[in-house]
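To keep things clear, I will list the structure first and then write my remarks on it.
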Amino acid sequence: MLSQFAYRKAGSVQEAIELSSRPGARILAGGSDLLGCLRDGVFSADRIVSISGLKELKGVAATAGGGMRIGALATLAEIAGHPRLRQAYPALAQAAAAAASPQLRNQGTIGGNLCQRPRCWYFRGDFPCARKGGDTCYAIAGENQLHCIFGGEGCYMVHPSDTAPALLALDAKVRIQGRKGARTIPLASFFVLPSVDPRRENALAPGELLTEILLDPPEPGARGLYRKVRERGAFDFALVGAAIVLAISEGTVKKARVALSGVAPVPWRSEEAEAALAGKKLDQQAIAAAAAAAVKDAEPLSGNGYKIPLVRGMVEDALSALAG
Amino acid sequence: MKPNDDESERSALSRRRFFNSMAAGAGGAALIAGPGEGRDPRLEAPPDRAETIRIPLTVNGRQHSLTVEPRWTLLYALREQLGLTGTKPGCERGECGACTVLIDGQVRYACMTLAVEAAGASITTLEGLMRGEELGPVQQAFAQEDAFQCGYCTPGQAMSAEGLLRKSPNPSVDEIREEMSGNLCRCGAYPHIVKAVQRAASMRKGGVS
């Protein structure tokens, strides 16, 4: 049985913001990550503010400019099955389909998938780690085979989302509403590296709400995919994953986006891999160079060096599929 | 010797008590504040008497009005308030699938859903798959294909199969494997489970059982 909390169902975004501004309040959208954290004592909640009834945060729709607007409450199942997303933004639809299990995809929202807490066993377990306000990351000297090879400084967890790298590769923007009004920021600046603050994963201030995700129209000649490597064939977090979106015209890569999951405390854009592809023909040589560039600056811990050849092989495989 | 009715009733109760005590243990762990998550004096005082909320809930076609605490999961409400013990508690973390039910026709984990969040929804549990006193097609298919050993995960497996067949009456093996992936079977009856889903698909279409 969970410990007691007060429950409020918000009738509007404004009310959700007011109700969730006080310390000890937690937002419930789908609720799967929240209930897991409460059950395991990762944090406690005195008040749960449900936003699940807010119609204005639901749905996936085309925008007037030819892009897409995805409400924060759109479920992963909805995104995975959306015809327009599958056709024009396959990296995102595939990432949503690869996340969690059928039951959780029916429950979990895209907003919650971006805001979910880390799965690191020290964070989820009874360890006073840096992310919980302590002064050390237990993964450095401990069991770190699932931890990061990039961007770890003070905390070596990996960001658990599959959809985040896909949205990053699509140059998505997110809209955030708070007491002081609304702002729209690139998703790239939504995530917070532990070197900036190891205690939070994103830029949301207390009382702020992620309300929607905005996608530009696909580039001409765009193709994309999401690849995910897991320990089992389904229902697992990524060991590593790659969202790749390329704009190709006249046989040449005009624009490349390579975003990795399972490698860093934030969804990790590999600008090195992108630079190795830009302006090139997508041939074996360019693909091999991009895959090598993706892992060039990796800094493995004692138990996760295997991620370097794994990422390299996965990126090479994914780019070859896009070239075919 | 065949146990009399009183005895089987008692053993059913003690099984329920066992799971209650498991659930209490999990709740106890949640009470221990994580380091760095110490209580902030500005926090809202938790209600000393449980706040309760009245919710409408349709379960297996029958309308109920339930009084629930916000912290109760749908799993708890189904089992402890409505006595529908076909829905099984397993991991209570959304990892095993034993508690799978249909919420408005979609497969969901009842352990990860607050009862209050299901207000107004239409729930189907294992009991709802029965045809009167007879097993429904999905249940029959699991029995006929011997798609279990211990059977504890079977109610959840059957609900996932039902959810799959409602949206995709003729699934491929790959589709079955993906759509059943949210349900774990520690006995490893997976090949038989795939066959059971195929048999259920054929039975639902009026094929030979």
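The values are calculated or read from the model by the stated rules, or taken from the named source; none is laboratory data. Computed from a prediction, not measured in an experiment: that's the story for all the values here. Backbone-built Cβ (ideal geometry, glycine too); neighbour counts: all protein chains shown. Ligands, DNA and RNA are stripped out before the accessible areas are found, and what is left, the full protein with its side chains, is counted by its heavy atoms. Shrake-Rupley method; radii C 1.70, N 1.55, O 1.52, S 1.80 Å.
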message: Just to verify a result, which residue in region B:49-79, among those that are out of contact with any His (no Cβ under 8 Å at 6 or more places or on another chain) and touching a residue at least 60 places away in the same chain (Cβ under 8 Å), is farthest from the other protein chains (Cβ to nearest Cβ)?
response: B:G61
query: How many of the residues making up region A:220-235 are modelled with pLDDT under 95 and either farther than 30 Å from A:W121 by Cβ or buried (at least 24 other Cβ atoms within 10 Å of the Cβ) (or both)?
result: 2
task: From the list B:V138, B:V101, pick out the single residue that is more than 9 Å from every other protein chain (Cβ to nearest Cβ), in a helix (DSSP H, G or I) and under 25 Å from B:K195 (Cβ atoms).
output: B:V138
- request: Sort through A:D171, A:D162 and tell me the only one that's under 21 Å from A:L239 (Cβ atoms), modelled with pLDDT of 95 or more and out of contact with any Lys or Arg (no Cβ under 6 Å at 6 or more places or on another chain).
  value: A:D162
task: Considering only residues that are more than 23 Å from the chain's Cα centre (by Cα) and at the interface with another protein chain (Cβ under 7 Å from one of its Cβ atoms), look in region A:14-36 and name the one that is most open to solvent (accessible area, probe 1.4 Å).
output: A:R22
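Tell me yes or no: at least one residue of region A:236-245 is over 22 Å from A:D297 (Cα atoms), surrounded by fewer than 18 Cβ atoms within 10 Å (Cβ to Cβ) and not polar (S, T, N, Q). Outline the logic, then answer.
Within region A:236-245, the first condition is being over 22 Å from A:D297 (Cα atoms), and the residues that meet it are A:236-237.
This time we only want the ones that are surrounded by fewer than 18 Cβ atoms within 10 Å (Cβ to Cβ), so: A:236.
After this cut, where a residue has to be not polar (S, T, N, Q) as well, the list is A:236.
So far as region A:236-245 goes, yes, one or more of its residues are over 22 Å from A:D297 (Cα atoms), surrounded by fewer than 18 Cβ atoms within 10 Å (Cβ to Cβ) and not polar (S, T, N, Q).
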message: Out of the helices (runs of 4 or more DSSP H) lying entirely within region A:8-112, which hold 3 or more residues that are at pLDDT 95 or above and touching a helix residue (DSSP H, G or I) at 6+ places or on another chain (Cβ under 9 Å)?
response: A:32-39, A:76-81, A:83-88, A:90-98, A:102-107
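For the structure I just gave you, tell me whether B:L135 is open to solvent by less than 20 Å² (accessible area, probe 1.4 Å), at pLDDT 95 or above and over 11 Å from the mean Cα position of the chain (by Cα).
Numbers: open to solvent by less than 20 Å² (accessible area, probe 1.4 Å): no; at pLDDT 95 or above: yes; over 11 Å from the mean Cα position of the chain (by Cα): yes.
No: the conditions fail for B:L135.
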- prompt: Checking B:C150 against (1) in a helix (DSSP H, G or I); (2) surrounded by fewer than 18 Cβ atoms within 10 Å (Cβ to Cβ); (3) not β-branched (V, I, T), which test does it fail?
  reply: (1)
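Answer yes or no as to whether B:G156 is part of a loop (DSSP other than H, G, I, E, B) and open to solvent by less than 10 Å² (accessible area, probe 1.4 Å). Can you show your working first?
On the way: part of a loop (DSSP other than H, G, I, E, B): no; open to solvent by less than 10 Å² (accessible area, probe 1.4 Å): yes.
Judged against the criteria, B:G156 is not a match.
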message: Take the conditions assigned to a strand (DSSP E or B) and within 23 Å of A:G65 (Cα to Cα) and apply them to A:A247. Does it pass?
response: yes
- prompt: Looking at this structure, is B:V101 hydrophobic (A, V, I, L, M, F, W, C), farther than 15 Å from A:S32 by Cβ and in the same structural domain as B:S65 (by TED's automatic domain parsing)?
  reply: no
field: Number of the exception - B:L66 against (1) modelled with pLDDT of 95 or more; (2) out of contact with any strand residue (DSSP E or B) (no Cβ under 6 Å at 6 or more places or on another chain); (3) more than 30 Å from A:W121 (Cα to Cα)
entry: (2)
Those residues of region A:125-153 which are farther than 25 Å from A:A298 by Cβ, crowded, with 17+ Cβ neighbours inside 10 Å and in contact (Cβ under 8 Å) with a residue 24 or more places away in the chain, in sequence order: A:K132
Long-range neighbours under 6 Å by Cβ, at least six apart or interchain, first residue more than 9 Å from chain A (Cβ to nearest Cβ) within region B:105-121, second assigned to a strand (DSSP E or B) and open to solvent by less than 30 Å² (accessible area, probe 1.4 Å): B:A110/B:V101; B:A115/B:V68; B:A121/B:I103
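What's the total number of residues in region A:154-178 that are on the phi > 0 side of the Ramachandran plot and open to solvent by less than 10 Å² (accessible area, probe 1.4 Å)? Step through it out loud before you land on a result.
Taking region A:154-178 first, the residues on the phi > 0 side of the Ramachandran plot are A:154, A:171.
Still in the running and open to solvent by less than 10 Å² (accessible area, probe 1.4 Å): none.
Looking only at that region, the number is 0.
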- line: Residues of region A:37-60 being open to solvent by less than 20 Å² (accessible area, probe 1.4 Å) and not charged (D, E, K, R), in sequence order, are A:C37, A:L38, A:G41, A:V42, A:F43, A:A45, A:I48, A:V49, A:S50, A:I51, A:L54, A:L57
statement: Note: among A:Y7, A:Y89, just one is open to solvent by 10 Å² or more (accessible area, probe 1.4 Å), touching a residue at least 12 places away in the same chain (Cβ under 8 Å) and touching a Pro at 6+ places or on another chain (Cβ under 7 Å), namely A:Y7
Subset tally (residues that are within 19 Å of A:G221 (Cα to Cα), open to solvent by 10 Å² or more (accessible area, probe 1.4 Å) and in contact (Cβ under 8 Å) with a residue 40 or more places away in the chain) for region A:256-274: 1
